[in-house]
Structures are given as C-alpha cells and as structure tokens.
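Peer 1: Let me begin by handing over the structure; questions about it come next.
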Amino acid sequence: MQETTFRQRLAGVLILLGLIAQIIGFTGWLNTAHAVSYLLWAAVVLLWRDIPKRSRIQAAVLIALGAGMLLVARFVYGAEVDWPAMLQGNSFVAAMLVGVSFISLIGKQGNKGATGSRVTGAGGILRTWLGVHFLGTILNLSTVFMVGDKLARRGPLTTPQLLALNRGLSSAALWSPFFASMGVVIALVPDVEYAQIAVVGFPMAMLSGLLTTLELRRRFDLSEVDGYSLAPRSLLMPVGMAALVMLFHFVLTPTLTIVSIITFLLPSVAVLSNLPHGPRFTLRRIRQHTTTRLPAMRGEISLFLAAGLLTIGLSTLVTAAAGSDWTLFIRFGTPQAMLSFAAITLSALAGLHPIIGVSVLASILNLQNGEQTVFAFVALTSWAVGTSVGPLSGINLSLQGRYGVSGYRMMKNNLLYAAVMSLLSLGAIAGVSLLVT
C-alpha cells in the first residue's frame, strides 16, 4: 500500500470531521450545514492534485460554471445570493458516501469465507453478477475490487468477467437505498415514494442480470471463464443492514430521511462491531481508514460537491433570469420523462457523469406530487444505464485503473446492453408515470 503524505492524512481527518459534523446536525442541537460543506471542500482542496486528470478537469469545469452562474445572477440580475451557503450543494450526499465507506471495517479484510468451489460458464457469470450486485448494494464500489481481485488470482480478467462486474454494480442503482444515486434523488425530491421505486427497480435489476448472462453466453465462450461463488452467509450483512435502515426509518427515527439514517447508522455499526476486540484495536482501524481510505475517495467527493455547486448556480440564475415560476416542463409526464432519460443517458456516453444531468434537470423543474416519483425513477434508470456504458463513469474509470481495461472498450461492449436496458427503462418509466400521476 502506498504511503500517504501528511497533506493526504490531514484531508482524511477533515473528511472524518465533516461526517461527524453531519451526524451532530441530525440531533438538532446545532446547525452544522456550513461546517460540513467547509470541511469537505477543504479536503478537496488539499487532495486536488491527487485527483485523476479527467475527473479533475470535469470537476473544475463544474465549479467554474457554478460559480460563474452565481456571479451573473448577483451582478447582472441583482439576485440575492447566500454566499456562505454556496458550497452546501450535495454535501449531505458526500457525507453519506463517507459514512458508507466505514462498512468495510466490519469483519476481517478480504471477506473470509465468501467464496466456495470454482464455478465457470454462464452460471459463473450469473453468480459473479449476483455477488457484485447484492454485496454492492451496501459496499458500493469496493465490492468490484473485492470480487475482481479474487477472480484475478486465477489470471487476468476477461471481458465477460469485467462486464459482469460493471453491470452487477451499476444495476444496483435501480433500487439500493445505500447508493449515492438514491441519496441524490431523495435529496432533490424528498417526497419521493421509495417503495414505489423499489417495487419496479428491483425487478429491472434482476432483468439486467438475466440479460447479462444470456448476452455474454451468446457472444463469448464461457467454458473456462471463472465466476465468483457467493456463499449464502455473505448476504447476511447487506440484508441485516437494510433491515436496520428500515427499522430506523419507520420506527425509531421516522423524521429522518434514509440518507440521514445511512450516514450515521453504518459508521456506528462498523465501530460497534470492532469494539469487542478492544478500544485500541478499534481506534487503530478507524485511524487507518481515515488516513488511507477517506483520502482515496477524493474523486467521488469532488465530483459530487462540484455538481452540487453547479446545481445551486444554475437554479439561482434561472430563478433570477426567468422568475421563480419558470420551469422546463409545465407537466412532467411520460413524454417529458422519456426525453429526460434519453438526454441524461446520451450525455453519459459523451463522458458526463449522470449526476450532472440529474442535478441540472432537477434545478429547472417544478415537480408536483407524483411527478417527484417519476423524476426519481428517471434519475435512477439513467444513472444505472449511464454509468454502465459511460467511458468516464466511476465504475469504468475504476476498472481501467485497477485492471487496465479501456473505458471506451467497456463502452463498446456495453452498447447493446445499454440499448436493451434503455428500452426496458422507457417502458418502465411509462408504467410508473401512469401509476403515480
């Protein structure tokens, strides 16, 4: 493991303090919104030179556009701008991502006992998809490395294995309450009905696994392609965490959103699971996580914060220039939802992360009642499809950095999958739109 510098360790401490400030804010004792955003942005500044070049350029463009729009709104249109709050966009989502990262402290490193006997063929591909998908609902991107590294022990990863990793994780955005996609959506449209999203999103995710298995069996000889054998006990942790989140949401803390519950619950469970080994052991693991894992989140944290600044800038400028009553669509029905899905997904092909399209769209819409649920479903489906096929998405950049596969090669191999999933998504969007509006 590469040694971290003092600058990186300091940034990790600032990120941890941002998470703690966010959790304190949930109690209602203090308004910590400013503190959370300042701490996270300060960490991004310290880690700026370490961010991969493509991600750094994209974040810089978003920051410049957001700040520029705020300046235009203030000095051209005379709008009142809350400058101290300009950095708060998506800071709660970034804090949630930090909280979710602590789940890696549960249990021993390497997930002992998670694998069984060797499996190959189409069944192996399906098991790889299932393993990444269900573990990824909680562990997010780290699951790809955990499963991918186990597969790589038998040799360099093949294209079918890489595609199973890619699609297994990206499709979890369709329903997982622990994904950043769901965090962004619930923050943008807080009145969304999660149950209505999950009841459609989960079957769609299962169709993604079936489609992946059938397509790769047709395109490749899978007889010697190793799969990931997932032991049933490996699912106990994600299922248990999901049950805990639902318990807090519906019984213990019904006033808090799912994003808020995840932000404090996962780190708490991680710390409590280590305490039986002693406080010194627990503190050592937290310190290691803070100084190594948290600084490594620089790319995703910077992107979400930059996109949040863009959203604040754009919504402020639109309101100042066109008035608070202006909206892109008078009604957000089936045609508008389908058009929005296509625009966000195509922008992902061009290299933009779906959060940009989702955030921009939310800032220029005035959604009513069931329209929020339709928008949420559009956001999640375009996120799931867009991150699978987008050459500059987090999952494809991670696969490129870890296993040397080109993001554009992944895009090419995912075009047919993305096309079929897009058709399924458009049909599902029409169904959800008719159901809730």
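The values are calculated or read from the model by the stated rules, or taken from the named source; none is laboratory data. This structure is a prediction, so every number in the text was calculated from the model and none was measured. Heads up, the Cβs are rebuilt from the backbone with ideal geometry, glycines too, and the neighbour counts pull from every protein chain shown.
Peer 1: Answer yes or no as to whether S181 is in a helix (DSSP H, G or I) and modelled with pLDDT under 90.
Peer 2: Values: in a helix (DSSP H, G or I): yes; modelled with pLDDT under 90: yes.
Taking the combined requirement at face value, the residue satisfies it.
Peer 1: Checking the condition assigned to a helix (DSSP H, G or I), of a type in the set (A, V, I, L, M, F, W, C) and at pLDDT below 95, which residue from A79, A60, A35 passes? Before you say what the answer is, go through the steps one by one.
Peer 2: Details: A79 fails: assigned to a helix (DSSP H, G or I); A35 fails: at pLDDT below 95.
Result: A60 is the single residue among A79, A60, A35 that is assigned to a helix (DSSP H, G or I), of a type in the set (A, V, I, L, M, F, W, C) and at pLDDT below 95.
Peer 1: To continue, here is another question. What number goes with the only condition from (1) more than 30 Å from I312 (Cβ to Cβ); (2) at pLDDT 90 or above; (3) in a helix (DSSP H, G or I) that G131 does not pass?
Peer 2: Here G131 meets the rest and fails (2).
Peer 1: Could we say that G308 is more than 30 Å from I103 (Cβ to Cβ), modelled with pLDDT under 90 and either out of contact with any Leu (no Cβ under 8 Å at 6 or more places or on another chain) or not hydrophobic (A, V, I, L, M, F, W, C) (or both) here?
Peer 2: Numbers: more than 30 Å from I103 (Cβ to Cβ): no; modelled with pLDDT under 90: yes; either out of contact with any Leu (no Cβ under 8 Å at 6 or more places or on another chain) or not hydrophobic (A, V, I, L, M, F, W, C) (or both): yes.
In short, no.
Peer 1: Out of (1) over 30 Å from L435 (Cα atoms); (2) touching a strand residue (DSSP E or B) at 6+ places or on another chain (Cβ under 7 Å), what's the single condition that is false for L130?
Peer 2: That leaves (1) as the condition not met.
Peer 1: Among the residues of segment 381-412, which ones are hydroxyl-bearing (S, T, Y), under 15 Å from T345 (Cα atoms) and in a helix (DSSP H, G or I)?
Peer 2: Residues of segment 381-412 hydroxyl-bearing (S, T, Y): 381-382, 387-388, 393, 398, 403, 406, 408.
Restricting the remaining residues to those that are under 15 Å from T345 (Cα atoms) gives 381-382, 387-388, 393.
Those that are hydroxyl-bearing (S, T, Y), under 15 Å from T345 (Cα atoms) and in a helix (DSSP H, G or I): T381, S382, T387, S388.
Peer 1: Find all pairs meeting these conditions: Cβ atoms under 8 angstrom apart; at least six residues apart or on different chains; first residue within segment 415-437 and touching a residue at least 60 places away in the same chain (Cβ under 8 Å); second residue among the basic types (K, R) and outside any loop (DSSP other than H, G, I, E, B).
Peer 2: Qualifying pairs under 8 Å: Y417/R167.
Peer 1: Continuing with this model, one more query. The conditions are (1) outside any helix (DSSP H, G or I); (2) farther than 20 Å from L303 by Cα; (3) under 23 Å from the mean Cα position of the chain (by Cα), and L87 fails exactly one of them. Which is it?
Peer 2: Among (1) outside any helix (DSSP H, G or I); (2) farther than 20 Å from L303 by Cα; (3) under 23 Å from the mean Cα position of the chain (by Cα), the lone unmet condition for L87 is (2).
Peer 1: So, of the residues in segment 140-150 that are of a type in the set (A, V, I, L, M) and assigned to a helix (DSSP H, G or I), which turns out to be nearest to the chain's Cα centre (by Cα)?
Peer 2: Filtering segment 140-150 down to residues of a type in the set (A, V, I, L, M) leaves 141, 144, 146-147.
Now restrict to residues that are assigned to a helix (DSSP H, G or I): 144, 146-147.
On the way: V144: 13, M146: 17, V147: 18 Å.
So the residue we want is V144.
Peer 1: In addition: Look through segment 184-227, keep the residues that are assigned to a helix (DSSP H, G or I) and among the hydroxyl-bearing types (S, T, Y), and return whichever of them is surrounded by the most Cβ atoms within 10 Å (Cβ to Cβ).
Peer 2: Step one: filter segment 184-227 for residues assigned to a helix (DSSP H, G or I), giving 184-188, 194-219.
From what's left, among the hydroxyl-bearing types (S, T, Y): 194, 208, 212-213.
Details: Y194: 19, S208: 25, T212: 27, T213: 24.
Here the answer is T212.
Peer 1: Then there's this: Do you know which residues across segment 137-167 are closer than 11 Å to Y403 by Cβ and touching a Pro at 6+ places or on another chain (Cβ under 6 Å)?
Peer 2: Correct list: empty.
Peer 1: Output the helices (runs of 4 or more DSSP H) that fall wholly within segment 228-345 and possess 2 or more residues being among the polar types (S, T, N, Q) and either buried (at least 22 other Cβ atoms within 10 Å of the Cβ) or under 25 Å from the mean Cα position of the chain (by Cα) (or both), or say none. Step through it out loud before you land on a result.
Peer 2: Values: elements: 236-247, 258-274, 279-288, 298-322.
Output list reads 258-274, 298-322.
Peer 1: Could you grab me the full set of residues in segment 151-172 that are outside any helix (DSSP H, G or I) and either buried (at least 24 other Cβ atoms within 10 Å of the Cβ) or in contact with a strand residue (DSSP E or B) (Cβ under 6 Å, 6 or more places away or on another chain) (or both)?
Peer 2: Our first condition is that a residue be outside any helix (DSSP H, G or I); within segment 151-172, this holds for 153-158.
R154 - this is the single residue of segment 151-172 that is outside any helix (DSSP H, G or I) and either buried (at least 24 other Cβ atoms within 10 Å of the Cβ) or in contact with a strand residue (DSSP E or B) (Cβ under 6 Å, 6 or more places away or on another chain) (or both).
Peer 1: Let me ask another. Looking only at segment 5-12, decide whether some residue is closer than 30 Å to A320 by Cα and of a type in the set (S, T, Y).
Peer 2: Step one: filter segment 5-12 for residues closer than 30 Å to A320 by Cα, giving none.
There is no residue in segment 5-12 that is closer than 30 Å to A320 by Cα and of a type in the set (S, T, Y).
Peer 1: Output the residues belonging to segment 256-281 that are modelled with pLDDT of 85 or more and among the hydroxyl-bearing types (S, T, Y).
Peer 2: Passing the criteria: S260, T263, S268, S273.
Peer 1: Look through S260, S223, S229 and report the one residue that is over 30 Å from L415 (Cβ atoms) and out of contact with any Leu (no Cβ under 7 Å at 6 or more places or on another chain).
Peer 2: On the way: S223 fails: over 30 Å from L415 (Cβ atoms); S229 fails: over 30 Å from L415 (Cβ atoms).
Just a single option satisfies the conditions, and that option is S260.
Peer 1: From the set of residues in segment 38-57 that are under 21 Å from the mean Cα position of the chain (by Cα) and more than 16 Å from M297 (Cβ to Cβ), which is modelled with the highest pLDDT? Talk me through it step by step, then tell me what you get.
Peer 2: Taking segment 38-57 as the starting set, the residues that turn out to be under 21 Å from the mean Cα position of the chain (by Cα) are 39-41, 43-44, 47-48, 50-57.
From the residues that got through so far, the ones that are more than 16 Å from M297 (Cβ to Cβ) too are 53-54, 57.
Details: K53: 84, R54: 76, I57: 87.
So the residue we want is I57.
Peer 1: List pairs: first residue in segment 238-258 and of a type outside the set (K, R), second residue not in a helix (DSSP H, G or I) anywhere in the structure, Cβ distance under 7 angstrom, at least six positions apart or on different chains.
Peer 2: Final answer for the pair search is V245/P177; T257/P190; I258/P177.
Peer 1: For residues in segment 351-375 being among the small types (G, A, S), closer than 28 Å to S406 by Cβ and modelled with pLDDT of 80 or more, which is surrounded by the most Cβ atoms within 10 Å (Cβ to Cβ)? First the steps, then the outcome.
Peer 2: Applying the first criterion (among the small types (G, A, S)) to segment 351-375 yields 351, 357, 359, 362-363, 370.
Those left that are additionally closer than 28 Å to S406 by Cβ: 351, 357, 359.
Narrowing the set further to residues that are modelled with pLDDT of 80 or more leaves 357, 359.
On the way: G357: 24, S359: 26.
Per the stated criteria, the residue is S359.
Peer 1: Then there is this: Need pairs with beta-carbon distance below 7 Å; first residue more than 14 Å from I395 (Cα to Cα) and within segment 140-164, second surrounded by 21 or more Cβ atoms within 10 Å (Cβ to Cβ) and charged (D, E, K, R); sequence gap 6+ or separate chains.
Peer 2: L151/D226; R154/D226
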